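Everything on this sheet refers to the single structure shown next.
The values are calculated or read from the model by the stated rules, or taken from the named source; none is laboratory data. Remember, predicted model here, so these are calculated numbers, not experimental data. Note that we place each Cβ from the backbone using ideal geometry, even for glycine, and neighbour counts take in every protein chain shown. When the accessible area is computed, the model is the full protein with side chains, heavy atoms only, and any ligands, DNA or RNA have been set aside. Shrake-Rupley method; radii C 1.70, N 1.55, O 1.52, S 1.80 Å.
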Amino acid sequence: MPQLSNHDVVACPSCRARIRWTVTAAGKPLPVDADPAEDGNTAAYYDGTGRLRSRGLSKDRPVLEHAEWLARPHFASCTAKPARRSSGSGQRVRSGVRPVPWAQR
């Protein structure tokens, strides 16, 4: 396992665990656990500009390349309960008055 510095380690806002923020190939932020994980499914690496990048291991690229290390997305290990999502099955609350359609001439 590589020795990583702690300069980019922050606390998860939900569970206060140590995480690092990466940027995926799609440009989206992805939190990963701060320490490398043997059971991870994400390859993390620092690019030439020093930005921490990540990519999912896939059938096309199933092994680590160059200076990558295995990381676990923090969503898999966060101890805080995820935010509840609405199922959308409830009745919609209506408020106000609908405007009268314009009279056709």
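Summary of values
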item	result
Subset of region 53-78 [free of Cβ contacts under 8 Å to residues at least 60 places away in the same chain, in a strand (DSSP E or B) and of a type in the set (A, V, I, L, M, F, W, C)]	Leu70, Ala71
Extreme residue, most open to solvent (accessible area, probe 1.4 Å), among residues of region 53-84 that are over 16 Å from the mean Cα position of the chain (by Cα) and of a type in the set (Lys, Arg)	Arg84
Wholly enclosed strands (runs of 3 or more DSSP E) of region 1-52 bearing at least 3 residues surrounded by 15 or more Cβ atoms within 10 Å (Cβ to Cβ) and either touching a residue at least 24 places away in the same chain (Cβ under 8 Å) or under 13 Å from the mean Cα position of the chain (by Cα) (or both)	18-23, 29-33, 42-46
